[in-house]
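In what follows, a structure is listed as structure tokens, so that the remarks can point back to it.
The values are calculated or read from the model by the stated rules, or taken from the named source; none is laboratory data. Keep in mind the model is a prediction, meaning the values are calculated, not measured. Every residue, glycine as well, gets a Cβ built from its backbone with ideal geometry; the counts of neighbours run over all protein chains shown. Heads up: the accessible areas ignore ligands, DNA and RNA and are worked out on the full protein's heavy atoms, side chains in. Shrake-Rupley method; radii C 1.70, N 1.55, O 1.52, S 1.80 Å.
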Amino acid sequence: MEDARIRQPFVVPFDGGCVRPWASDDAEAMVRHADNPRVARFLSMRFPSPYTREDAARWFAFLQSQDDPEGWAIEIEGATVGGVGFRRGEGEFAHSAELGYWLGEAYWGRGVMTRVVRAVLPVAIRRWGLARVTAYAATANHGSIRVLEKTGFVREGTLRARAIRGGEVQDHFVFGWVDEARLADVAAACR
Ligand SMILES: CC(C)(COP(=O)(O)OP(=O)(O)OC[C@H]1O[C@@H](n2cnc3c(N)ncnc32)[C@H](O)[C@@H]1OP(=O)(O)O)[C@@H](O)C(=O)NCCC(=O)NCCS
């Protein structure tokens with residue numbers, strides 16, 4: 001039987017905007033903000049650079065193929081300005097998810113992502129019964145590191161040469177957010 005909760009759209013207000021499902025009419029804004037090497041620099045190559053309308057179409061088709069999509073749009077004053085996502089683990093990793101996010105450069109440095117992560121984290125945890133959220137940030141990505149520190153993530157270690165993008169070898173910090181109180185319940189439910 002389908003779990004009705006899973007079908008609820010992921011719509012999360014935050015101070016100044018909201019996080020909501022991507023729609024095909026976001027394509028133009030998506031390309032405008034995403035087609036920027038400074039945005040792509042520390043992201044996975046699933047986020048291409050240059051970023052084209054075809055890339056946006058592929059992304060939307062991928063999300064549509066998922067029962068409960070892993071990525072959402074960030075909207076501020078009616079404008080689509082970035083994205084946030086949780087890639088959920090499976091099997092022994094089902095209690096955990098990997099957090100990722102990006103914002104158009106015009107919106108950097110205004111506290112947006114700090115507010116977004118604070119807002120979506122508790123909703124994601126309840127929605128998927130998570131007890132751990134992992135996030136990777138390149139050691140040179142000072143903004144992302146600060147976002148994670150400010151939202152309660154703990155720096156757990158350094159992964160040397162974890163990524164190579166655009167010829168740049170990137171060390172990454174791994175950050176974890178663990179809800180110790182939920183762990184026992186989640187573990188019991190997973191027996
Ligand atoms: C990383 C990113 C999401 C940060 O979002 P943001 O909304 O600009 O971050 P905030 O405004 O909430 O800033 C959080 C903190 O980081 C600091 N910060 C932001 N950008 C910074 C930068 N480039 N260098 C140093 N500190 C920075 C802010 O000053 C703030 O710290 P403070 O409160 O101690 O002053 C944004 O820069 C981005 O989208 N970058 C490209 C994509 C990316 O790298 N995604 C993350 C991959 S792990």
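A few remarks follow.
- Filtered by the rule that a residue be among the basic types (Lys, Arg) and closer than 21 Å to residue 164 by Cβ, segment 19-49 gives 38, 41, 46.
- Sole exception among (1) touching a helix residue (DSSP H, G or I) at 6+ places or on another chain (Cβ under 9 Å); (2) on the phi > 0 side of the Ramachandran plot; (3) of a type outside the set (Val, Ile, Thr) for residue 182, by number: (2)
- Residue 92 being in a helix (DSSP H, G or I), away from the ligand (no atom under 11 Å from the Cβ), more than 13 Å from the chain's Cα centre (by Cα) and closer than 27 Å to residue 162 by Cβ: yes
- Of all residues in segment 56-69, those being surrounded by fewer than 16 Cβ atoms within 10 Å (Cβ to Cβ) and without any contact (Cβ under 8 Å) to a residue 40 or more places away in the chain number 7.
- Qualifying residue in segment 77-90 (condition: out of contact with any strand residue (DSSP E or B) (no Cβ under 8 Å at 6 or more places or on another chain), over 27 Å from residue 173 (Cβ atoms) and in contact (Cβ under 8 Å) with a residue 60 or more places away in the chain): no
- The residue list 38, 53, 20 contains one member that is exposed (fewer than 11 other Cβ atoms within 10 Å of the Cβ) and touching a residue at least 24 places away in the same chain (Cβ under 8 Å), which is 38.
- Filter result (within 11 Å of the ligand (Cβ to nearest atom), open to solvent by 50 Å² or more (accessible area, probe 1.4 Å) and either assigned to a loop (DSSP other than H, G, I, E, B) or touching a His at 6+ places or on another chain (Cβ under 7 Å) (or both)) within segment 123-152: 136
- Candidate set: segment 104-122, residues that are assigned to a helix (DSSP H, G or I) and among the basic types (Lys, Arg); chosen: the one nearest to the ligand (Cβ to nearest atom): 115
- Of all residues in segment 153-191, exactly one satisfies the criterion of being open to solvent by less than 50 Å² (accessible area, probe 1.4 Å) and without any contact (Cβ under 8 Å) to a residue 24 or more places away in the chain, namely 157.
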